[in-house]
1. Where the accessible area of region 224-294 is counted over protein heavy atoms with a 1.4 Å probe, how much of it, in %, is carbon and sulfur?
2. Hey, what angle do you get for helix 55-68 against the long axis of the chain, alpha-carbon based, 0 to 90 degrees rounded to 10?
3. Please state the charge dipole magnitude for region 102-214, taken about the Cα centre, from unit charges on C-beta atoms (+1 on K and R, -1 on D and E), reported in debye and rounded to the nearest 20.
4. Could you work out what % of the accessible surface of region 102-214 is carbon and sulfur, using a 1.4 angstrom probe and leaving DNA, RNA and ligands out of the count?
5. Which of S280, F362, V347 sits closest to the plus end of the dipole of the chain, meaning its Cα is farthest towards the positive end, when Lys and Arg get +1 and Asp and Glu get -1 on the C-beta?
6. Want the number for R126 to R68: 0.36 nm per residue separation, take away the alpha-carbon distance, what's left?
7. Past the 31 Å Cα-Cα mark, which pairs from K100/K214; K24/K100; K245/K440; K38/K106; K98/K368?
8. Any idea what angle helix 384-396 forms with the longest principal axis of the chain, computed on alpha-carbon atoms, 0 to 90 degrees, nearest 10?
Amino acid sequence: MEWLLELEEEFDQEIIHQKETYVKKMSQDYYWYSPILKKTLANRYGDCVISPRTEEELIEVVSFACKRKIPIVSRGGGTGNYGQIIPLKGGIVLDTSKLKKEIEIKDGTATFQAGAKLGFIEKTLRAKDQELRFFPSTYMKSTLAGFIAGGTGGIGSIEHGTLWDEGNVLELTVITMEEKPRRLKVKKQEELAQYIHSYGISGIITEATIATAKKTNWHDVLVYFDSLDEALLFSEKLAISTHLKKRLVSVCEAPLSNFFTPLKSFTNDSQATILLQIDSKQKQDLLQLIVESGGMSDDTFAAFIKEKHLRVSDFSWNHVTLWWLKEHEDDTYLQGRFDPTCYLAQVHEIKRRFGDEVLIHFEWIKVKGQIVPSSQPVIRYSTDNRLQEIIDGFREIGIKVSNPHTYILEEGGKDDWIDDICTAKKENDPYSLLNPGKTKRVSTKQFS
Ligand SMILES: Cc1cc2nc3c(=O)[nH]c(=O)nc-3n(C[C@H](O)[C@H](O)[C@H](O)COP(=O)(O)OP(=O)(O)OC[C@H]3O[C@@H](n4cnc5c(N)ncnc54)[C@H](O)[C@@H]3O)c2cc1C
């Protein structure tokens, strides 16, 4: 390809990667969680990977690509689940991992470059008596901008909500995909929403300022109940408690937790489990609530986690699915938000219709101030049609499904924001070169 030769002439070799195996690896995320995406997205790769070392270098790459109408897909840690970083039209995989500097930490806010890993940010913040408000369970690998442009929420969302909740993402620096790229400073809530969970189609984030929380010493607890109902009712009580401060309330139907291999000595295949992180000052209050609710816990769990250098995040959110897939590689999962006013009845109806084809996994989170049960149930996959029947079944009984089996943004349940994202896209990416093919609202026919 001629542009690859020009690229070599214009840029330092150090930032250009063309080795086929490397380009293929960097063109992929965890899309294989979905048997449907596994089929549709196999063998889609970029033509090269470019890893700019500075924002100035990134801007030069963007200008180079725009002048030649070469697509760009921004890449953070590559931990997305929906083929978000998979280039559908080839082009450049823009690896942001070298843009990882701390810009500024103030009391209550932190600004880092796009490619800073969330694990690094958390460590840096904790040394300054602060912490991330919330983070995905992949935080050791995933980047600040990758989370903002590809994620939703995570550990801490029970207290602080999700990326869309006002006051969590405060400012973004965005580079436009134009011959002369503009450097935008985005601060207003309605404008920030044009870049949140946008798959990078509306601009390239180079810096982000997020709100932080005051550091808490978290205590890890595993609670067991003989029945799923008891576990769910206990988890709800804890989730809505304004007295107990928590970072995680994660519920797994049996036998999901029995596949958390490193925790084998704490799990079994018959009890429902709840993984919790609570303020260590409130251990006794929690214990009392566990006893009152008929649950059991093992007080050696926290010490075990620490001693083995494990993290509760490794066993919550979409890591629950990952542990299951390690032993059931053909299975998959769904994402759905149950109705907090009748979630138990919805669970019963799901179990009545689908039995053990659906294994319940809840993460309690806050959305616009309301505590709600979001869920990532494991699905025992058999066929695409059956998977669709299960999705339809969820929707019929009022569970809001965010379909993880599509790479099209608006089909994944993020239809509320897609018009705003596309408004920014039209202004910032006039040739539709950023991550083309990830929305149906903007034509990409010049590349097909
Ligand atoms: C085991 C597992 C557990 C997970 N748990 C969670 C969870 O708890 N919560 C959650 O929300 N998600 C979760 N995810 C999904 C994913 O890990 C997160 O969304 C993560 O934050 C993505 O970050 P990343 O750096 O890996 O992004 P990538 O996968 O690299 O990119 C994600 C999207 O952001 C875009 N992007 C990346 N960098 C930029 C940039 N600089 N400018 C513009 N766009 C950019 C990419 O093009 C892509 O569309 C999980 C996934 C797995 C596999």
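1. Details: 1550 of 2940 Å².
Its accessible area is 53 percent carbon and sulfur atoms.
2. 60 degrees
3. Values: 14 positive and 15 negative charges, 51 e Å.
My answer is approximately 240 debye.
4. 50 percent
5. S280
6. Stretched fully, the R126-R68 segment lengthens by 16.4 nm.
7. Working: K100/K214 23 Å; K24/K100 23 Å; K245/K440 42 Å; K38/K106 43 Å; K98/K368 34 Å.
Exceeds cut-off: K245/K440; K38/K106; K98/K368.
8. 70 degrees
The values are calculated or read from the model by the stated rules, or taken from the named source; none is laboratory data. None of these values were measured; they are calculated from a predicted model. Note: ideal-geometry Cβ built from the backbone for every residue, glycine included; neighbour counts use all protein chains shown. These area figures cover heavy atoms from the full protein model, side chains too; ligands, DNA and RNA do not enter into them. Shrake-Rupley method; radii C 1.70, N 1.55, O 1.52, S 1.80 Å.
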